[in-house]
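Asker: Pasting a structure here, questions to come.
Rule-based calculations on the coordinates, nothing more; no lab input. Keep in mind the model is a prediction, meaning the values are calculated, not measured. Because the Cβ atoms are built from the backbone with ideal geometry, glycine has one as well, and the counts that use them run over all protein chains shown.
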Amino acid sequence: MSQVILKSEDETSIRQLVISALQAEQNELKTGILKTREKLAAFEQRYHISTEQFLKTPPDRLPFGELEAIEWAGEHETLLRLEDELSRLAKIVLC
């Protein structure tokens, strides 16, 4: 378990400021997740296969070029990263 101690020279509590910052970051991540899912859905609709199926398909059997495959795979990786960051943020407890 990691622990961080914050100190401020200001007399007012920084607790609410930290809570607001964490909530803002969660909102940014949720927006990023939504946009990334929309991009993945566009690929899925365009090529009529799910992202999971795309990832399992050998590159030489894909009905599109390498750049398109790289972009699709990149969006999938982005989604995984954003979801991981959101999950880790949601587990933060202020004491």
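Asker: What lysines does residue 35 reach when the alpha-carbon gap must be under 28 Å and sequence neighbours fewer than 8 apart in one chain are set aside?
Answerer: Output for residue 35: 56, 91.
Asker: I want to verify a result. In a Gaussian network model of the chain, Cα cutoff 10 Å, which of these has the top mean-square fluctuation: 12, 78, 51?
Answerer: Ranking 12, 78, 51 by mean-square fluctuation puts 12 first.
Asker: Where in the chain is the longest stretch that carries no GluC sites (Glu not before Pro) classed as loop by DSSP and with at most 11 other Cβ atoms within 10 Å?
Answerer: On the way: sites that count: 9, 11.
No qualifying site falls inside 12-95, the longest such stretch.
Asker: What residue among 74, 65, 32 has the largest mean-square fluctuation in a Gaussian network model of the chain, using Cα springs under 10 Å?
Answerer: The residue that fluctuates most here is 65.
Asker: Another question, then. If I model a spin label at residue 69 and residue 35 as a point 7 Å from the Cα along the Cα→Cβ vector, what separation in nanometres do I get?
Answerer: Rounded to a tenth, the inter-label distance reads 2.7 nm.
Asker: With all distinct Cα pairs included, what does the Kirkwood hydrodynamic radius of the stretch 56-95 come out to in Å, to one decimal, could you say?
Answerer: Numbers: mean 1/r = 0.0810 Å⁻¹.
Across the stretch 56-95, the inverse of the average 1/r is 12.3 Å.
Asker: Calculated FRET efficiency, residue 88 and residue 14, Cβ-Cβ r, R0 30 Å, to nearest 0.05? Mind showing how you got there, number by number?
Answerer: Working: r = 21 Å, r/R0 = 0.70.
Calculated transfer efficiency: 0.90.
Asker: Still on this structure: Helix 66-90 against the longest principal axis of the chain: what's the angle in degrees, Cα atoms only, rounded to the nearest 10?
Answerer: 30
Asker: Where the eigenvalues come from the Cα gyration tensor of the chain, what are the semi-axes √(5λ) of the equivalent ellipsoid, largest first, in whole Å? Mind showing how you got there, number by number?
Answerer: Numbers: eigenvalues 326, 31, 18 Å².
The answer is 40, 12, 10 Å, longest axis first.
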